[in-house]
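Presented below is the structure to which this report refers.
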Amino acid sequence: MTTSSNTTSAADRTRIAGAAADRLIEATRSSTPCGPVRDLLGETDIDLAYAVQQQLTDRRLVEGARIVGRKIGLTSPAVQQQLGVDRPDFGVLFEDMDVTALDEVPSERLLQPKAEAEIAFVLSADLDSDDLDLATVRAAVGHAVAALEIVDSRVAGWDIKITDTVADNASSGLYVLGSQTLTLDEFEPIDATMRMYVDDELVSEGNGAACLGDPLNALLWLARTAREFGQPLRAGQVVLSGALGPMVPAPPGVTVRAEISSLGTVTARFSSESSTAQENS
């Protein structure tokens, strides 16, 4: 995935990626957002940004983390235009990012959280063939479920360009899944409508078409891209397919609820305890 004519040596690129990764890790460790990493990466070298993301992933795996899926970001044309890109990005979902079973979302684990409502796909088959198409990815979906993705940024003030968010694991944080599941024989993602509430106030609306025209288009893009990276999607993995409407701030103490037609409701109650970053914002 070449996005620039950067002629920096491989060793220098590895060093630069490591420096960016160190900055993002320190922001997480200290609960203090950092400056953008595009001062190291530039604003257009997406390959280098994914190299940072891979370094962060590798470090987490060494620590014992387990990958359970992927998230897709930048599925809204408006957001793509804002960041100056014409395609989505992706990040890695780790097992400890799924907080569905908790009574409250642990706000202390977050720096600058925002919530967005999405359709999650749980795969029942690998997506590793070289002729992936919509029919193939549809057949690989075991079921769909309503989801709240709690996006977060290690970059202060969400001052991000495309290389910042890609490097920062696509600005991922945590996620919550609903309890109702439907197969794609029972549910058509493009026809979904969404309403999201914060403390019972309607704050966001959208539909399936807002996600790359169809959430299955997003899944196809991810399946092809993950295979190109040598890390194809596998059976059992969760894919957060992208926002169905605008994301909204999710500070400590609020309750976020999304209603997605046919898939029902998914709710996230945020604990009142916040990180240092949130207390100082």
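The values are calculated or read from the model by the stated rules, or taken from the named source; none is laboratory data. These numbers come from a predicted model, not from an experiment. Reconstructed Cβ throughout: ideal geometry from the backbone, glycine too, with neighbour counts over all protein chains shown. Please note that ligands, DNA and RNA were not included when accessible areas were found on the heavy atoms of the full protein model with its side chains. Shrake-Rupley method; radii C 1.70, N 1.55, O 1.52, S 1.80 Å.
For Gln180, the amide hydrogen comes within under 5 Å of the amide hydrogens of Ala146, counting only partners 5 or more places away or on other chains and with H modelled in the peptide plane. Rounded to whole numbers, the Karplus 3J(HN,Hα) couplings from phi for region 194-206 are 9, 10, 10, 10, 10, 6, 6, 9, 5, 10, 7, 9, x Hz, using 6.51 cos²θ - 1.76 cosθ + 1.60 with θ = phi - 60°, and x at Gly and Pro. Of the accessible area of the chain, computed with a 1.4 Å probe over protein heavy atoms only, carbon and sulfur atoms account for 47 percent. How would the chain be classified by its alpha-carbon gyration tensor: rounded, prolate or oblate, with rounded meaning a/c under 1.5 and the a/b versus b/c comparison settling the rest? Oblate is the answer for the chain, as a/c is 1.5 or above yet b/c matches or exceeds a/b. Extension gain, Thr32 to Ala19, is 3.0 nm, computed as 0.36 nm per intervening residue step minus the present C-alpha separation.
Annotation for Asp58 and Gln180: the two label points, set 7 Å from Cα along the Cα-Cβ direction, are 4.5 nm apart. Taking amide H as placed 1.01 Å from N in the peptide plane, Ser172 has its amide H under 5 Å from the amide H of Asp152, each at least 5 places away in sequence or on another chain. Relative contact order of region 67-270, taken over Cα pairs closer than 8 Å and 6 or more residues apart, is 32 percent. For region 167-208, the relative contact order is 28 percent, taking Cα pairs closer than 8 Å that sit 6 or more residues apart in sequence and dividing their mean separation by the residue count. Sequentially through region 225-239, phi angles give Karplus couplings (6.51, -1.76, 1.60; θ = phi - 60°) of 5, 4, 5, 4, 7, x, 9, x, 5, 10, 4, x, 6, 9, 10 Hz, Gly and Pro residues having no value and appearing as x. Taking all protein chains as shown and a probe of 1.4 angstrom, Ser171 keeps an accessible surface of around 10 Å².
Here the 3J(HN,Hα) profile of region 101-118, calculated from phi with Karplus coefficients 6.51, -1.76 and 1.60 at θ = phi - 60°, is 7, 7, 5, 9, 6, x, 4, 5, 8, 10, 9, 9, x, 9, 10, 9, 8, 9 Hz, Gly and Pro shown as x. The residues of the chain have, on average, 43 Å² of accessible surface per residue, using a 1.4 Å probe with all protein chains present. Note on Asp86/Ala235: beta-carbon distance plugged into 1/(1 + (r/R0)^6) with R0 of 45 Å gives a FRET efficiency of 0.90.
Amide H contacts of Leu74: Asp89, each under 5 Å away and 5 or more positions distant or on a separate chain (H built 1.01 Å from N in the peptide plane; Pro and chain starts excluded).
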